[in-house]
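Encoded as structure tokens, the structure appears first; notes follow it.
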Amino acid sequence: MTAVPCVELKNLTYHVPGQGELFADVNLQLMEGDRFGLIGPNGSGKTTLLHLIMGLVKPQKGEIRIFGRPMLSEADFIQARRQVGLLFQNADDQLFCPTVLEDVAFGPLNLGKSPEEAEKIARKTLSDLELEGFEKRITAKLSGGEKKLVSLATLLAMQPKVLLLDEPTTGLDEATRKRILEVLNNLQLSTIIVSHEFDFLCRTSTSIYGFSDKSLHYEGDSSILHPHYHKHSLGNLPHSHS
């Protein structure tokens with residue numbers, strides 16, 4: 001039996017209102033267990049691609065399928081969002097409940113879990129991310145790194161099959177960045193990670209794709225592209241090799 005892609009994009013084209021074509025004829029298949037890294041210049045379409053997969057914006061052309069089902073209406077995307085989670089670049093766009101426990105329990109509640117079940121799932125998820133003791137903390141008063149980890153917890157509590165992550169380490173200190181890297185590498189999920197940090201992508205992804213000239217290109221296997229990790233006196237810096 002032929003495996004069905006978790007996410008499939010066919011000839012996807014998107015125009016920015018008033019600015020023209022952002023990218024055209026993008027094709028991509030994310031299979032179960034695939035871990036894709038996505039890199040490219042600012043404004044090339046990386047975040048937009050994630051938003052298209054989630055149904056937050058609509059393409060001018062092309063087809064989106066989630067687990068084999070064509071996304072033809074908002075109802076289709078609502079169903080797909082039960083299995084596909086998006087981590088926004090800005091954690092403040094993800095968190096909206098007064099306390100951490102309420103935020104993490106919101107997803108399971110929305111999936112039909114009882115309040116008791118949702119709280120149990122939320123507490124376990126926080127524990128898995130080493131966030132015990134955060135339950136009653138006010139989300140608005142968390143640090144940037146803490147907000148990012150709690151945002152990830154809100155997604156994992158929904159037990160998705162696919163995770164889309166938009167710049168998960170932007171603005172974070174080295175300790176939090178390392179923690180997020182470890183969390184992602186311990187997940188048994190299909191993922192698409194957008195990042196400007198090539199080293200980070202190579203450590204969390206198996207295949208790297210890049211946007212250039214309004215197209216999406218396969219760059220190669222991450223282990224071949226960058227088989228070693230660098231430490232620099234100023235932290236992790238983007239760099240290239242001949």
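The values are calculated or read from the model by the stated rules, or taken from the named source; none is laboratory data. What you are looking at is a predicted structure, and each value in this text was computed from that prediction instead of being measured. Using ideal geometry, Cβ is built from the backbone for each residue, glycine included, and neighbour counts are taken over all protein chains shown.
Worth pointing out:
- The single residue among ILE64, ILE39 that is under 29 Å from CYS202 (Cα atoms), β-branched (Val, Ile, Thr) and at pLDDT below 95 turns out to be ILE39.
- Count of segment 186-202 residues, restricted to those that are touching a helix residue (DSSP H, G or I) at 6+ places or on another chain (Cβ under 6 Å) and either basic (Lys, Arg) or part of a helix (DSSP H, G or I) (or both), is 1.
- Scan of segment 128-155 for residues that are loosely packed, with under 14 Cβ neighbours inside 10 Å and either of a type in the set (Gly, Ala, Ser) or touching an Asp or Glu at 6+ places or on another chain (Cβ under 7 Å) (or both), ordered by number: GLY133, ALA140, SER143
- Qualifying residue in segment 135-149 (condition: in contact with a strand residue (DSSP E or B) (Cβ under 8 Å, 6 or more places away or on another chain) and hydrophobic (A, V, I, L, M, F, W, C)): yes
Here's the yes/no breakdown for (1) crowded, with 17+ Cβ neighbours inside 10 Å; (2) of a type outside the set (D, E, K, R); (3) touching a residue at least 24 places away in the same chain (Cβ under 8 Å):
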residue: ALA157; (1), (2), (3): yes, yes, yes
residue: GLU167; (1), (2), (3): yes, no, yes
residue: THR170; (1), (2), (3): no, yes, yes
residue: LYS178; (1), (2), (3): no, no, no
residue: ASN185; (1), (2), (3): no, yes, no
residue: THR191; (1), (2), (3): yes, yes, yes
residue: ASP213; (1), (2), (3): no, no, no
residue: GLY220; (1), (2), (3): no, yes, no
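- Hits in segment 7-21 - residues which are buried (at least 18 other Cβ atoms within 10 Å of the Cβ) and either over 14 Å from PRO70 (Cα atoms) or in contact with a Phe, Trp or Tyr (Cβ under 6 Å, 6 or more places away or on another chain) (or both): TYR14
- In the set (1) under 29 Å from GLN79 (Cα atoms); (2) among the charged types (D, E, K, R); (3) part of a loop (DSSP other than H, G, I, E, B), GLU116 fails one condition alone, (3).
- Members of segment 80-102 that are charged (D, E, K, R) and more than 25 Å from THR48 (Cα to Cα): GLU102
- Listed by first and then second residue, the pairs linking a residue in segment 60-72 that is within 20 Å of ALA24 (Cα to Cα) to a residue that is among the hydroxyl-bearing types (Ser, Thr, Tyr), with Cβ atoms under 9 Å apart and 6 or more places separating them unless they lie on different chains, are GLN60/THR13; GLN60/TYR14; LYS61/THR13; LYS61/TYR14; GLY62/THR13; GLY62/TYR14.
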